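Read the structure below first, then the notes.
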């Protein structure tokens, strides 16, 4: 999702190639034109006058490790919204799909409560992590800042078990350059994406980039409640934290994300 300077210049050039088409009168309807349905949710010029291009960013692999828990990313996560004429800035009307990622060890591994196996089915013992936005993503010259919170989903945890919040987010700074984390983590380096431009549609694509961050911190869990016998709620935030190594300071966490990006001028998405 991060756009290095040469790539950002290519984006600006690509937007200029279709400037005449993009300058056509803009519709008020928020339904993308045929061939641009993947950009649904991008704001129109009427909704956000500074929007120059529509963004679709798909995380299609990698992993997310915080504390002692390491979750593989197997279900694609899609970020959409609008960006300015540089292909960056705050992502306007940003939206992130709520994709469930299976957490190894399930709810017993998260809580240490072995006796749950006597009360829950094998399916109900599964634990899922859902990444949600906790603020506005910002694409800058060398990094994309992504404030998130992680929803831990299992019937035994209640409906509001989270790591991170809107007031205390996990803040990722994703890059395909080399990171500079505090110890004990060591620098890691991502992979520059492949670039292509479709002149027929005006869509610019950056594919198979690996974006990394191992310098972020993760707060403790909140809102995790075990309800016994259907009516006795007991907070288990402490159990979740002790079993998961939370809160975990900067320099002890890591994410690697394989990402495809598509950008199209807003005037082509909403002609």
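Quick note: the coordinates plus some simple rules give every number you see, no bench work behind them. Predicted model only: the values in this text are computed from it and were never measured. We place every Cβ from the backbone using ideal geometry, glycine too, and count neighbours over all the protein chains shown.
By its C-alpha gyration tensor, with a ≥ b ≥ c as the square roots of the eigenvalues, how is region 165-259 shaped: rounded for a/c under 1.5, else prolate for a/b larger than b/c, else oblate?
Values: a/c = 3.90, a/b = 1.84, b/c = 2.12.
Oblate, since a/c reaches 1.5 and b/c is not below a/b.
What base-10 log of the normalised intensity I(q)/I(0) is obtained for region 5-269 from the Debye formula, alpha carbons as equal point scatterers, at q = 0.15 Å⁻¹?
-1.04
Per-residue counts of other Cβ atoms within 10 Å, averaged by peptide: what ranking do you get for 176-189, 65-78, highest first?
Details: 176-189: 13.4, 65-78: 17.4.
Answer by packing, highest mean first, reads 65-78, 176-189.
For the chain, what does the helix formula give at 222 nm: sum of -39500 (n - 2.57) over DSSP H segments with n ≥ 4, over the residue count, nearest 500 deg cm²/dmol?
Values: 5 runs with 35 residues, N = 271.
Computed ellipticity for the chain at 222 nm equals -3000 deg cm²/dmol.
Quick one: what do you get for region 20-139 if you divide its Cα Rg by 2.2 N^0.38 Å? All intermediate terms of the calculation are to be shown ahead of the outcome.
On the way: Rg = 19.7 Å, N = 120, 2.2 N^0.38 = 13.6 Å.
Here the Cα radius of gyration is 1.45 times the empirical estimate.
Could you check how many percent of all C-alpha pairs in region 210-271 are farther apart than 15 Å? Present the calculation step by step, with values, prior to reporting the outcome.
Numbers: 1324 of 1891 pairs.
The proportion of pairs with Cα distances above 15 Å equals 70 percent.
Given the convex hull of the Cα atoms of region 55-203, what is a quarter of its surface area in nm²?
Details: hull surface 44.7 nm².
That works out to 11.2 nm², a quarter of the Cα hull's surface.
Kindly identify region 184-223 as rounded, prolate or oblate by the Cα gyration tensor criterion: order the square roots of the eigenvalues as a ≥ b ≥ c, call it rounded if a/c is under 1.5, otherwise compare a/b with b/c, prolate if a/b is larger, else oblate. Don't jump to the answer; show the numbers that get you there.
Details: a/c = 7.01, a/b = 2.06, b/c = 3.40.
Cα axes put region 184-223 in the oblate bin.
What residue among 124, 244, 167 shows peak mean-square fluctuation when the chain is described by a Gaussian network model with Cα springs under 10 Å?
Taking springs between Cα atoms under 10 Å, the residue moving most is 167.
State the percent of C-alpha pairs, over all pairs in region 155-220, separated by a distance greater than 15 angstrom.
Working: 1466 of 2145 pairs.
The share of Cα pairs beyond 15 Å in region 155-220 comes to 68 percent.
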